[in-house]
Amino acid sequence: MSHSILGKSQEEKQVQKGLLDGIKRGETVLEARGITKRFPGVVANDHIDFEIRAGEIHAILGENGAGKTTLMNILFGLYQPDEGEVIVGGKEVKFRSPLDAIDLGIGMVHQNRKLVSAHTVIENIVLGHPRAGKILNLKRTGGEINELCERYGFKIDLRAKVWQLSEGEKQVVEILKALYRGAKVLILDEPTSALAPPETKKLLASIEAMATDELAIVPFITHKLPIVLAISDRVTVLRRGKVTARSETACVTEKSLAKEMVGREVIFRLERANVETGKPILQVENLSALSDKGFLALEGVSFSVREGEIFGIAGVSGNGQHELAEVLAGLRKAQGGKVILGGKDITHSSCLERWQMGLGYIPSERVEVGSIGDFSLVENIAMNFYFDANFSQRGIVDYGNIRKLTEEIVSEYNVAAPSPDTKAKNLSGGNLQKLILARVLSRRPRLLIANLPTQGLDVGATEFVRNKLMEAKKEKAGILLISEDLDEVLSVSDWVAPIYEGKFTGIIPGEEAKRESVGAMMAGSRPPLFLPPVGGGEGGQET
Amino acid sequence: MRIGSHELRLEKRLTLTGWEAAIISILAIIFGLALFSIIFILDGVNPLFAYQEIFSYAFANPYGLPLTMSRFIFLLLCTSAFIIPFRAGLWNIGMTGQLYVGALGAFAVLFALGGKASRSADLSPGILIPLMLIGAALGGAGLAAIAGFLKGRFNINEIVVTMLLNFIAFWLVSFMIKEGGPFMNPGGRGESFELPFSVRAPLIMGIPFTIFLALGIALVLYFLFAKTQIGYQIRAYGHSPAAARYAGISTFRIPLLVFIMGGAVAGLAGYHYFAAVPGVYKIARNYGFFGDLAFYGIICGLIALGNPLAAIPVALLFGGLSIGGRFVQGKLNMGFGLDYALLGVLMITLVAFQFFYRYKIVWVKTGEDRLDVGVYR
């Protein structure tokens, strides 16, 4: 590279800054022509053409690994394309780094937050801002940021430390940071994947507000079809690195989008399988537990799950369902109450003992807890089998046998991986979840706890996971499903228990559960309809 | 970097075979030796001659070779002591302290069974040597267990704890062997009593029997990590304690276990140096020197990437170079510290060359003749 690393000449800077000034609604601001990017073994982007106009919300849709994030990283200057051009305001540009993109008015909010958690909101927003100067004028800056908040409907305490914020609030900080840097194009990578439903609603409203503003131009990446339909003006669908559809959102339906995305018809509704239920496999009595921060997150929950039924817990994250799952799995101490598995009190049993007794746990944190990135697929499968007498004798692990099991799993569950020796960190989110699901189900658990099993998965993988849960149910496993996706809980559960602030607001038979009432109960209301008869216990507990 | 229509490019390696790693390491050593020849040239010494002297003294000389082997055994034990916790993602910076307490453990056995009385005391080596080995292992393990327990129970940083325990162990040795201490040499001199002749470690062709111990431990560790449940649990914990916990692995027992094992091996290194190397057979006045040497175990372990078998050639090389370097420094009248400088340069190049474990340089034809100039064209 022959240019100076230290920076552009004054003249260049001027030209750049001006590129997006005075752009009018409907004009093309950012364009990609024939973008191709290869990584060892895959073509992540294959001659992609794509453009964004001022004032539009442009959704980019695709399954995990379809190349959405790669494309956005190229538009943001994180990657250089192997072929093709990026055009901003009619001029071809070549980004050396995201700094060039930011200078031009392109902002990106990543799926993984990139904030300094010990600093306040305002400090994070001004961090790296050229106008912040050497001495921070927090009063003036704060005023400007508050103005932005008001205009787009964000509510945030600028003096709060970032570690105190929820995921949704952190995202707001990232968006504010980009806007304060003067972003005219805002790239949001799967912005709703970590948000609770009310937070999602607020965010969508803010996005619409930004789009009506002349300057805010918002492409949008997600695989959540209803959101795409509700909010975007145009949509581009990617599949295996290629554009498969490009359309006005008004002209498409959920079905047609799903088809373009997956490449085949997708069934959205699952038939609830009718399975004769057996004896109770899990009984929970008055269970309570502390959160990581030390306050009571779960307050005296009682319920039971029988063989061959799915007990669905619906709730906005942070209402104690995560703590419940961990207590049941043996990863968190119970503060009070009892857990009985197949008639045996396991309240004080270790995690390993529970695995051996037939409990299977699919954690919500696939990358941090459910798998080990630097381990091969074989070693990851071993996580639930190294202690199993069929796969290890006299302290020696039979890796040959586990490899066979891995090969079976990979072919039966269609895990896209070059070989059983591939490291788990090279799998996409959907494939990783398939691997974890397969590993746990291969133990044929009597009780399966699935914590957010389809979160962040694309349509195809979600369908697959739900089908597998149904299969396990048919094989007489008791299943505890924890989900934030109300539709998911309602469509598969035999019992629905909305959870709010550590307590169930009711336990309703699946056929009787209605979207509206359960939604209200997730938000804490206890409609009289579901109050127990006089003299009954708390909630509508089945017996 | 582009040159005409060709381009030098860095590509990420997806896999690395053992052979590729070995070749990269050998290239690194050659590069490091070439780099260090500047020092010889500046002193007016032909570097080829100097290296020939170093290697022939270290590996082919009847006086040098036993020294090299003793040093190698010591380094290999220290490396193994580092590798065991390292595979669990934990850093043992306390081999120094552990080997001191290991040495004290071995000498305590002797002390208790009357070995202090006289150099010619007639003791049974068949019983005493195993007991001394056990004493050494227990001593090292006991000290390291403190760090493992604190890590497992309270998540206290093991680097700080093992490091600070080194100081405690250092002064503990001092208390035991200096004037007035129970292990004091009858003649004073600030060193411990000498090992009776009868219980000095047997030599095989001038090399202490501890070589079998060191090689055996390396083999066992390799097998442990590759095949066993315990090894799997240690590695899983090393990559992700949270995931290990989910898989039913105790996050209390694993740190405790690896530090007990690592400490025991470091304790054996203490036995080796103070009770098995010809010409020592006591806790010497300058015992601090061996403690400092133990730190090379960390670097050898890192260069071997935590592989107990790869540690064998690495420890052999560094053991030989430290002996040969010191010899050449004296023979060629070169400045003090030549051996340390040589080891340092080699270690840095070896670690720096690990870059090529993750990347390779490829020479590709781009087909298109263009230059990157400016931000946009």
Report summary line: The residue from A:Lys338, A:Lys344, A:Lys404 that alone is away from chain B (no Cβ under 14 Å), modelled with pLDDT of 95 or more and more than 23 Å from B:His239 (Cβ to Cβ) is A:Lys404
Query raised in the report: Are any of the residues in the range B:284-292 within 14 Å of another protein chain (Cβ to nearest Cβ) and surrounded by 20 or more Cβ atoms within 10 Å (Cβ to Cβ)?
Result: no
Query raised in the report: Does A:Ala416 qualify as being modelled with pLDDT under 90, in contact with a helix residue (DSSP H, G or I) (Cβ under 8 Å, 6 or more places away or on another chain) and more than 19 Å from B:Arg87 (Cα to Cα)?
Result: yes
Query raised in the report: Of the residues in the range A:427-440, how many are within 12 Å of chain B (Cβ to nearest Cβ) and more than 18 Å from the chain's Cα centre (by Cα)?
Result: 2
Report task. Count, please, the residues in the range A:314-333 that happen to be in a loop (DSSP other than H, G, I, E, B) and surrounded by 23 or more Cβ atoms within 10 Å (Cβ to Cβ). Result -> 4
Report task. Select from the range B:191-233 the residues that are crowded, with 18+ Cβ neighbours inside 10 Å and of a type in the set (Gly, Ala, Ser) and list them in ascending order. Result -> B:Ser192, B:Ala201, B:Ala214, B:Ala218, B:Gly231
**Report entry** Selected residue [touching a helix residue (DSSP H, G or I) at 6+ places or on another chain (Cβ under 7 Å) and at pLDDT 85 or above] from A:Leu296, A:Leu238
**Finding:** A:Leu238
**Report entry** Cβ-Cβ under 6 Å pairs, at least 6 apart or on other chains, the range B:236-247 side within 9 Å of A:Ile372 (Cα to Cα) and in contact (Cβ under 8 Å) with a residue 12 or more places away in the chain, far side of a type in the set (Gly, Ala, Ser) and part of a helix (DSSP H, G or I)
**Finding:** B:Ala236/B:Ala244
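Which one is modelled with the lowest pLDDT among residues in the range A:176-206 that are of a type outside the set (Phe, Trp, Tyr) and closer than 14 Å to A:Glu123 by Cα? Before you say what the answer is, go through the steps one by one.
Here is the first cut: in the range A:176-206, the ones of a type outside the set (Phe, Trp, Tyr) are A:176-179, A:181-206.
Imposing the further condition that a residue be closer than 14 Å to A:Glu123 by Cα reduces the set to A:176-178, A:181.
On the way: A:Leu176: 87, A:Lys177: 87, A:Ala178: 86, A:Arg181: 83.
Only one residue fits best here, namely A:Arg181.
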**Report entry** Scan of the range B:11-59 for residues that are surrounded by fewer than 14 Cβ atoms within 10 Å (Cβ to Cβ), over 19 Å from B:Ser322 (Cα atoms) and among the β-branched types (Val, Ile, Thr), ordered by number
**Finding:** B:Thr15, B:Thr17, B:Ile23, B:Ile41
Report summary line: Reported set for the range B:112-132 where residues are assigned to a helix (DSSP H, G or I) and farther than 19 Å from B:Tyr287 by Cα is B:Ala112, B:Pro125, B:Gly126, B:Ile127, B:Leu128, B:Ile129, B:Pro130, B:Leu131
Query raised in the report: What pairs come up if the first residue lies in the range A:160-173 and is within 20 Å of A:Asn319 (Cα to Cα), the second is surrounded by fewer than 18 Cβ atoms within 10 Å (Cβ to Cβ), and their beta carbons are under 7 Å apart, counting only those six or more places apart or on different chains?
Result: A:Trp163/A:Ser117; A:Trp163/A:Ala118; A:Lys170/A:Arg113
Query raised in the report: Mind checking which residues of the range A:35-60 are in a strand (DSSP E or B), surrounded by fewer than 16 Cβ atoms within 10 Å (Cβ to Cβ) and within 14 Å of another protein chain (Cβ to nearest Cβ)?
Result: A:Arg38, A:Phe39, A:Val42
Query raised in the report: Counting just the residues of the range B:11-55 that are closer than 23 Å to B:Tyr359 by Cα and of a type in the set (Asp, Glu), which one comes out farthest from the other protein chains (Cβ to nearest Cβ)?
Result: B:Glu20
**Report entry** Criterion (of a type in the set (Gly, Ala, Ser), within 13 Å of chain B (Cβ to nearest Cβ) and farther than 23 Å from B:Thr251 by Cα) met by exactly one of A:Ala417, A:Ala389
**Finding:** A:Ala417
Query - Selection count where residues are under 22 Å from B:Glu158 (Cβ atoms) and within 14 Å of chain A (Cβ to nearest Cβ), scope the range B:248-279 - result: 7
Query raised in the report: Does B:Phe183 satisfy the criteria of being out of contact with any Gly (no Cβ under 9 Å at 6 or more places or on another chain) and within 29 Å of B:Gly231 (Cα to Cα)?
Result: no
Query raised in the report: Of the residues that sit in the range B:193-252 and are assigned to a strand (DSSP E or B) and over 30 Å from B:Ser174 (Cβ atoms), which one is modelled with the highest pLDDT?
Result: B:Thr228
Query raised in the report: Is it true that A:Arg443 is within 13 Å of chain B (Cβ to nearest Cβ), at pLDDT 90 or above and either over 19 Å from the mean Cα position of the chain (by Cα) or part of a helix (DSSP H, G or I) (or both)?
Result: yes
Query raised in the report: Counting only residues that are touching a residue at least 60 places away in the same chain (Cβ under 8 Å) and either surrounded by fewer than 23 Cβ atoms within 10 Å (Cβ to Cβ) or of a type in the set (S, T, N, Q) (or both), which one in the range A:77-92 is nearest to the other protein chains (Cβ to nearest Cβ)?
Result: A:Lys91
Requested in this report: Go through the range A:350-369 and give me each residue that's under 24 Å from the mean Cα position of the chain (by Cα), facing chain B (nearest Cβ under 7 Å) and part of a helix (DSSP H, G or I).
Outcome: A:Glu368, A:Val369
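The values are calculated or read from the model by the stated rules, or taken from the named source; none is laboratory data. A quick note: this is a predicted structure, and the numbers were derived from the prediction, not measured. For neighbour counting, all protein chains shown are included, and Cβ atoms are generated from backbone atoms with ideal geometry for every residue, glycine included.
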